[in-house]
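The values are calculated or read from the model by the stated rules, or taken from the named source; none is laboratory data. Please read these numbers as outputs of a predicted model, since none were measured by experiment. Ideal geometry is used to build each Cβ from the backbone, glycine not excepted, and the neighbour counts take in all protein chains shown. All accessible areas refer to the heavy atoms of the entire protein, side chains included, with ligands and DNA or RNA removed. Shrake-Rupley method; radii C 1.70, N 1.55, O 1.52, S 1.80 Å.
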Amino acid sequence: LGRPFPCSFLGVQSRMASHAAATPAASRPAPVSLRLAARRSCSRSPATMGQPGAGSSASGPASSPEQRARRSGTACSAATASSSKAGSDGTQTDKSDRLSLDNIRASLIRQEDSIIFGLIERAQYAINAAVYQPGGVDVPCFHPDGTRASMLEFMLRENEQTGGKIRRYTSPDEHAFYPDSLPLLVIPAMTYPNPLAPAAEGININARIMDMYVNDLLPALCQEGDDFNYGSTGLADVSNLQCLSKRIHYGKFVAESKFQAKPEEFTELIKAQDAAGLMDLLTYKEVEDRVVRRVTNKAATYGQDISEELPSDLGLRKDIEYKVAPERVGELYREWIMPMTKDVQVEYLLRRLDHL
């Protein structure tokens, strides 16, 4: 980590230098953004890497407006998303319908599957509290005051550096845990058909999600103790946090769909800034009960060993030792995931008319 470049990259650098010396300047290809981003990423020192707000420009000059646009990407209304080809500025357009309000239920169900599989994967390890304690593991990630960050923060920041370069966090349904540290894009920016109101961009409750995951969900899911599988634990945690963040922030899309179904009722409550009234209007206990039953049944199915013979009943059975207690997964959904999703819905709706 102390070297400015990995050895393999230095080899590429020397070969490029030799090639450049033998090639006339007029015929040399223009440098591409990938090379620039690679140099910036590799030249960050360990001390800079862990500081909040330290993006890829930390080792170079302040970013220009064009670079800031390439970092953040672009969202557009469905009416303006008309072509999948790159525009004159290199920007591309998402032509899929994955962000359509008509696909909300299918998307939520897919996200359920990812969360349940992820929780089952994480439950095979002990809590491993050292992963979450600042300085518990000696990772090259530091806070501005010089204290060492936790291993989870280090792994999450490094993951977001990779995803941020390939425009993961320019999509309206993705939310970074450390948005101020995202790097420049290394591929062309993309515009997305975005049905949400402009206020949606400013809603990010990942700090709450992190606190809930570490302090509430993990103690209910994992055994106490330390099995020293810190790397596997951290990888599972990063995946789970990103899945939970996507599922909970998808409440913005759910809220927009409900608003369009009952615009008069919601508008009255929004103008009155009646958060309690909005929560009552959003809540359907029968639907929530069905979601909990579905999640419990999925956890029972995914959490048992399936042989080559299809059993007659994949539901809850007392004679099976599940990898994770299915009822526990259902209760985690009821107690934490669904309430936080509704909090996002209310926060979005309270600001739904701000741009009008």
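Could you grab the Rg to Rh ratio for the stretch 196-348? Cα atoms only, Kirkwood for Rh. Display every interim value, and only then the final one.
On the way: Rg = 18.6 Å, Rh = 17.8 Å.
Radius of gyration over Kirkwood radius for the stretch 196-348 works out to 1.04.
Counting other Cβ atoms within 10 Å, which chymotrypsin sites (Phe, Trp or Tyr not before Pro) in the stretch 252-286 have at most 12 and lie in a DSSP loop? Don't skip to the end; give the middle numbers.
On the way: sites: PHE253, PHE259, PHE266, TYR284; in loops: TYR284.
Sites meeting the loop and neighbour criteria: TYR284.
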(message) Leaving ligands and nucleic acids out of the surface, order HIS355, HIS249 by accessible area at 1.4 Å, largest first.
(response) HIS355, HIS249
(request) Excluding residues fewer than 8 places away in the same chain, name every one of the lysines whose C-alpha is closer than 24 Å to that of LYS262. (result) LYS252, LYS271, LYS285, LYS342
(message) Which lysines, if any, have their Cα less than 18 Å from the Cα of LYS95, not counting same-chain residues under 8 positions apart?
(response) LYS85
(request) Might you work out the accessible area of ARG167 for me, using a 1.4 Å probe with all protein chains in place, and round it to the nearest 10 Å²? (result) 40 Å²
(message) List the aspartates and glutamates whose Cα sits under 15 Å from the Cα of LYS323, skipping any in the same chain fewer than 8 residues away.
(response) GLU121, ASP305
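As a test of reading the structure, rank HIS175, HIS143 by solvent-accessible area (1.4 Å probe, protein chains only), most first.
HIS143, HIS175
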(request) Starting from the amide H of GLY136, placed 1.01 Å from N in the peptide plane, find each other amide H under 5 Å away whose residue is 5 or more places distant or on another chain. (result) MET151
(message) Once ligands and nucleic acids are excluded and a 1.4 Å probe is used, how much of ILE166 is accessible, expressed in Å² to the nearest 10?
(response) 90 Å²
(message) Taking amide H atoms as placed 1.01 Å from N in the peptide plane, list the residues 5 or more away in sequence, or in a different chain, whose amide H sits under 5 Å from that of PHE142.
(response) GLY50, GLN51, ALA149
(request) May I ask you to evaluate 6.51 cos²θ - 1.76 cosθ + 1.60, the Karplus curve with θ = phi - 60°, for each residue of the stretch 209-222 and list the ³J(HN,Hα) values in order in whole Hz, giving x for glycine and proline? (result) 5, 4, 4, 4, 5, 6, 9, 10, 6, 4, x, 7, 9, 10
(request) Sort LYS342, LYS285, LYS252, LYS262 by accessible area with a 1.4 Å probe, largest first. (result) LYS285, LYS262, LYS342, LYS252
